[in-house]
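Every read-out reported here was derived from the displayed coordinates using simple, explicitly stated rules and does not represent laboratory data. On a predicted model such as this, the values are computed, not experimentally measured, just so you know. Virtual Cβ from ideal backbone geometry, glycine too; neighbours counted across all protein chains shown.
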Amino acid sequence: MQYPIEVETHAHTIATAHAYSTVTELCSYAAAIGVKGVCVTDHGPILENGVPHPFHFVNLKILPRRIHGVLLIRGAELNLYDYEGNVDLTPEQTADLEWVIASIHTPCLKPGTLLEITQTYLGALHNPAVDCLGHIGQARYPCDYEAVVQEAGRLGKIIEINNNSARMRKGSWENCVNVAKLCKRYGVRVCVSTDAHYHTLLGEWESAFSILKEADFPEELIVNRNINAFHDYILERKTIDIFEG
Ligand SMILES: [Zn+2]
Ligand SMILES: [Zn+2]
């Protein structure tokens, strides 16, 4: 089963040291394959010793709204670095960001107990700057998925179904299916992402689709199924209109 995804919600540029494309290359490739919007979500500064600098995120506002006709959404993938769910940019530094993912990466947070990881995600959900939890199905960081999914729903936040999680993170597929089933049960919205670290990986959603298919997931709960639905979600969360300015 194919799902009609129009917006990439998670993509990295060369501002992340271990990613290899520019903003322009991402948008040019997105235009070529019919993806209508790209969220540029480079890693927060603590993953790679201060790269990118916080100025990278603050200055995203200088970028044009459309590049090669593709809507550019100014974002970040912030690092959860303690079991309270704190992230590595300040409220001032995230004030103008339009789409903020919070994720756990091994260099930034040691695997903890089920309770610690659950508290990490619940803390992140309660941060007003955070829109979405990234790749929560990853095998090294199990949590109380039911509690996390329900709280995301209560707060109107998004759970990510990450194509890389299923493909690259061993043992995560079952967790991701479980997360998708819980989102369906509780009516919690998800986004489908590639987490691309190179532009030709955009549009490669097959593993994420296999997760959704296994959960018999309803299309209407996918927030990036089309550009208008994603636009509406951002408007629901903030005063920013990504179709303007
Ligand atoms: Zn990540
Ligand atoms: Zn990422």
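Given 4 °C and 1.567 mPa s, how large is the Stokes-Einstein diffusion coefficient of the chain in µm²/s, with Rh as the Kirkwood radius over Cα pairs? Value of D from the Cα-based Kirkwood radius: 74 µm²/s.
Here the range 1-57 yields Rg over Rh of 1.05, to two decimals, using C-alpha coordinates and the Kirkwood radius. Pairs with C-alpha atoms separated by more than 19 Å, drawn from the list K110/K157; K184/K213; K181/K213; K157/K181; K157/K184, are K110/K157. Build a GNM of the chain with springs between Cα atoms under 10 Å apart, and of T118, T90, T22 the one that fluctuates most is T90. This model, with +1 at the C-beta of Lys and Arg and -1 at the C-beta of Asp and Glu, gives the chain a dipole about its Cα centre of some 240 debye. About its Cα centre, the dipole of the range 1-140 is roughly 320 debye, where the only charges are +1 on Lys and Arg Cβ and -1 on Asp and Glu Cβ. For the range 22-127, the extents of the C-alpha atoms along the principal axes are 45, 27, 24 Å, listed from largest to smallest.
Our estimate of slack between T239 and I14, defined as 0.36 nm per intervening residue step minus the Cα-Cα distance, is 78.1 nm.
Here the spin labels are modelled as points 7 Å beyond Cα on the Cα-Cβ line, and at T90 and T24 they lie 3.3 nm apart. So for the range 1-157, taking the charge dipole from beta-carbon charges (+1 Lys/Arg, -1 Asp/Glu), which of I14, F55, C132 sits furthest toward the positive end? Of the listed residues, the answer is I14. Across the range 21-52, the residues whose backbone nitrogen lies under 19 Å from the label position 7 Å along the beta-carbon direction of Q2 are 29-37. Taking I227, I158, I14 in turn, the Gaussian network model of the chain (Cα-Cα springs below 10 Å) assigns the largest fluctuation to I14.
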